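Only one structure is covered here, and it is reproduced in the block below.
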Amino acid sequence: MDQLKAKAAQLLSTKPSAADPALLAQWWASWNALADMAPAAVPDASGSSDDVGAQEELERSSNPHWKGWWNAAGPPPPPVSSEAPKNVPKKHKIVVWGGGAFGTAMATCAARNGHDVVMYVRDEAQAASINTQNINSKYLSNFTLLPNISASTNLAEANSGASLFMHCLPCQLTPKWLAANRDVIPADVCICSTAKGLYLETKQLLGDAMLAALERPQPLAFLSGPSFAAEIMKGDPTAVVVAAEKLYYATAVQKFLSCECMRLYVTQDVVGVQLGGALKNPLAIGAGMIEGLGLGINTMSAFVARSCNELHQLCVAMGGAKNTISGLSGVGDLMLTAFGNLSRNRTCGMRLVKGEKLEDILATTTVEGVPTARVAIYYADQCGLDLPIFRCAAAVINGEMTPLEARSALMTRPLGKE
């Protein structure tokens, strides 16, 4: 003990001034190491605000959470060294309904933030693969899932204790699925839907159809934007928007899912986000037809620009905000599906041009743009809007016009101003 006291006294006599914070931080590291060995032998060495600053500098240099923040944006308020930074949410249970590609990507986003994630799937073999091998055997099987992702085929079990439900099921199946399972879905937990479509049977926004199926009030949020599942899994930087009428639900989803490679913005424009995400799908089928016909970038650029104009017209007429449609869930998502090779809607348009039958395409993949095209024309008629691109795309999808006839119809319309 006497040796430790002597060493402490010697170290105290060599304490540098605050003029050299790096050297002072090193001194504090040595002092704290000595204090850990024998607290009773080491006196209190603090005594000035400069010392406190040096201690904070030491915490920044040794805490991995501090390093990125300090270098990127200057010092944040100093956290207690044994705790996580204040902007990192507590661990929650997030339940993902659906084991498809996008459900897997949403599960991964939540898991990257340390949450316990349960994927509800119907396939026993798929659930076993996720639970025993950390692999989704049916979708994105080339990616290894994080260990805090599990799967269940029992919906009631999966839902128990959830802080958030991520709805990643096909749009047209959603209302009947919710009606069949509403008794095991807590009414006070937010459902965040990622489905991008309009419900054909009742010609409703999906959110309205969901509430009608649940037959009760339920917190809802809607996530949309340019986001291919495979690229999210790779960790490519991605930005989307989440909407809720009560902003705190959107903000909760934002905190649950945002991470270094996934950035969520929030809005209260639930109509604009739903319409933008849904209505770009039939337009993306049209973009695929252009690609399939072998037309060049002149044609594609003109198509996308004029499609954006029609998207704005229809969404604003239906009650969406113009700024929303100009953002990630409108024009942003249209760009993704018009130019991205992973788009199922774009691929559908290419296959139609090559002569494949629509029923054969739909037998193997979900293409939300097909039913959405019919609802889009219904909305356009109700609002008294012309929208020639929407109408030509719907006519080709419904077999009422060939792609070449649609091309001629669009290019020979009466001339006018932009």
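Just one of Asn148, Asn134, Asn142 is in contact with a helix residue (DSSP H, G or I) (Cβ under 7 Å, 6 or more places away or on another chain), free of Cβ contacts under 8 Å to residues at least 40 places away in the same chain and more than 27 Å from Ala179 (Cβ to Cβ); which is it? Before you say what the answer is, go through the steps one by one.
Numbers: Asn134 fails: in contact with a helix residue (DSSP H, G or I) (Cβ under 7 Å, 6 or more places away or on another chain); Asn142 fails: in contact with a helix residue (DSSP H, G or I) (Cβ under 7 Å, 6 or more places away or on another chain).
Only one candidate passes the filter, namely Asn148.
Working only within the stretch 98-125, note down all residues that are free of Cβ contacts under 8 Å to residues at least 60 places away in the same chain, open to solvent by less than 10 Å² (accessible area, probe 1.4 Å) and part of a helix (DSSP H, G or I).
Of everything in the stretch 98-125, those that are free of Cβ contacts under 8 Å to residues at least 60 places away in the same chain, open to solvent by less than 10 Å² (accessible area, probe 1.4 Å) and part of a helix (DSSP H, G or I) turn out to be Ala107, Ala111.
Can you name every residue in the stretch 195-224 that is surrounded by 23 or more Cβ atoms within 10 Å (Cβ to Cβ) and in a loop (DSSP other than H, G, I, E, B)?
Within the stretch 195-224, Ala195, Lys196, Gly197 qualify.
Please state which one of Arg374, Arg413 is among the basic types (Lys, Arg) and part of a helix (DSSP H, G or I).
Just a single option satisfies the conditions, and that option is Arg374.
If we scan the stretch 261-270, do we find a residue that is over 18 Å from Gly330 (Cα atoms) and open to solvent by 30 Å² or more (accessible area, probe 1.4 Å)?
Within the stretch 261-270, none of the residues are over 18 Å from Gly330 (Cα atoms) and open to solvent by 30 Å² or more (accessible area, probe 1.4 Å).
Does at least one position in the stretch 225-232 carry a residue that is surrounded by fewer than 18 Cβ atoms within 10 Å (Cβ to Cβ), under 17 Å from the mean Cα position of the chain (by Cα) and closer than 18 Å to Thr104 by Cα?
As a first pass, look at the stretch 225-232 and keep what is surrounded by fewer than 18 Cβ atoms within 10 Å (Cβ to Cβ): 230-231.
Within this subset, residues satisfying the condition of being under 17 Å from the mean Cα position of the chain (by Cα) are 230-231.
Then keep just the ones that are closer than 18 Å to Thr104 by Cα; that gives 230-231.
Yes - at least one qualifying residue is present in the stretch 225-232.
Which ones in the stretch 146-162 are open to solvent by 20 Å² or more (accessible area, probe 1.4 Å) and under 19 Å from Gly114 (Cβ atoms)?
Matches in the stretch 146-162: Leu146, Pro147, Asn148, Ser150, Gly161.
Tell me which residues, restricted to the stretch 344-371, are part of a loop (DSSP other than H, G, I, E, B) and either touching a residue at least 60 places away in the same chain (Cβ under 8 Å) or among the β-branched types (Val, Ile, Thr) (or both). Steps first, please.
We begin by selecting, within the stretch 344-371, every residue part of a loop (DSSP other than H, G, I, E, B); these are 354-357, 363-368.
Across the stretch 344-371, the qualifying residues are Lys354, Thr364, Thr365, Thr366, Val367, Glu368.
Out of everything in the stretch 168-194 that is among the small types (Gly, Ala, Ser) and part of a helix (DSSP H, G or I), what residue ends up being surrounded by the fewest Cβ atoms within 10 Å (Cβ to Cβ)? Give the steps one after another, and end with the answer.
Pass one, the stretch 168-194, residues among the small types (Gly, Ala, Ser): 179-180, 187, 193.
Within this subset, residues satisfying the condition of being part of a helix (DSSP H, G or I) are 179-180.
Values: Ala179: 13, Ala180: 11.
Only one residue tops the list, namely Ala180.
Starting from residues that are of a type in the set (S, T, N, Q) and surrounded by fewer than 24 Cβ atoms within 10 Å (Cβ to Cβ), keep the ones in the stretch 320-336 and report whichever is farthest from Lys280 (Cα to Cα).
Of the stretch 320-336, the ones of a type in the set (S, T, N, Q) are 323-324, 326, 329.
Filter once more, so that each one left must be surrounded by fewer than 24 Cβ atoms within 10 Å (Cβ to Cβ): 323, 326.
Details: Asn323: 16, Ser326: 12 Å.
Looking at the filtered set, the residue picked out is Asn323.
Since Ser258 meets every condition but one in (1) surrounded by fewer than 23 Cβ atoms within 10 Å (Cβ to Cβ); (2) small (Gly, Ala, Ser); (3) closer than 20 Å to Cys171 by Cβ, which condition does it not meet?
(3)
May I ask you to list the residues in the stretch 240-255 that are among the hydrophobic types (A, V, I, L, M, F, W, C) and surrounded by fewer than 16 Cβ atoms within 10 Å (Cβ to Cβ)? I'd like the intermediate steps shown before the answer.
Residues of the stretch 240-255 that are among the hydrophobic types (A, V, I, L, M, F, W, C), as a first pass: 240-244, 247, 250, 252-253.
If the condition is that a residue be among the hydrophobic types (A, V, I, L, M, F, W, C) and surrounded by fewer than 16 Cβ atoms within 10 Å (Cβ to Cβ), then Leu247 is the only one that fits.
Which residues, taken from the stretch 288-319, are of a type in the set (A, V, I, L, M) and assigned to a helix (DSSP H, G or I)? First the steps, then the outcome.
Pass one, the stretch 288-319, residues of a type in the set (A, V, I, L, M): 289-290, 293, 295, 297, 300, 302, 304-305, 311, 314, 316-318.
Once the filter is applied, which keeps residues that are of a type in the set (A, V, I, L, M) and assigned to a helix (DSSP H, G or I), the stretch 288-319 yields Met289, Ile290, Ile297, Met300, Ala302, Val304, Ala305, Leu311, Leu314, Val316, Ala317.
Go through Phe165, Phe143 for me and flag whichever is open to solvent by less than 50 Å² (accessible area, probe 1.4 Å) and assigned to a strand (DSSP E or B). Spell out the reasoning first.
On the way: Phe143 fails: assigned to a strand (DSSP E or B).
Exactly one of Phe165, Phe143 is open to solvent by less than 50 Å² (accessible area, probe 1.4 Å) and assigned to a strand (DSSP E or B), namely Phe165.
I'm told Phe390 meets every condition in (1) surrounded by fewer than 16 Cβ atoms within 10 Å (Cβ to Cβ); (2) over 17 Å from Gly292 (Cα atoms); (3) within 28 Å of the chain's Cα centre (by Cα) except one. Can you identify the failing condition by its number?
Exception for Phe390: condition (1).
Yes or no: the stretch 272-292 includes at least one residue that is under 23 Å from Thr372 (Cβ atoms), open to solvent by 40 Å² or more (accessible area, probe 1.4 Å) and over 22 Å from the mean Cα position of the chain (by Cα).
Filtering the stretch 272-292 down to residues under 23 Å from Thr372 (Cβ atoms) leaves 272-292.
Next, from what is left, pick out any that are open to solvent by 40 Å² or more (accessible area, probe 1.4 Å): 291.
Now narrow it down to the ones that are over 22 Å from the mean Cα position of the chain (by Cα): 291.
Yes, some residue in the stretch 272-292 is under 23 Å from Thr372 (Cβ atoms), open to solvent by 40 Å² or more (accessible area, probe 1.4 Å) and over 22 Å from the mean Cα position of the chain (by Cα).
The values are calculated or read from the model by the stated rules, or taken from the named source; none is laboratory data. As the structure is a prediction and not an experimental result, all values here were calculated from the model. Here Cβ is always computed from backbone atoms with ideal geometry, including for glycine, and neighbour counts include all displayed protein chains. These area figures cover heavy atoms from the full protein model, side chains too; ligands, DNA and RNA do not enter into them. Shrake-Rupley method; radii C 1.70, N 1.55, O 1.52, S 1.80 Å.
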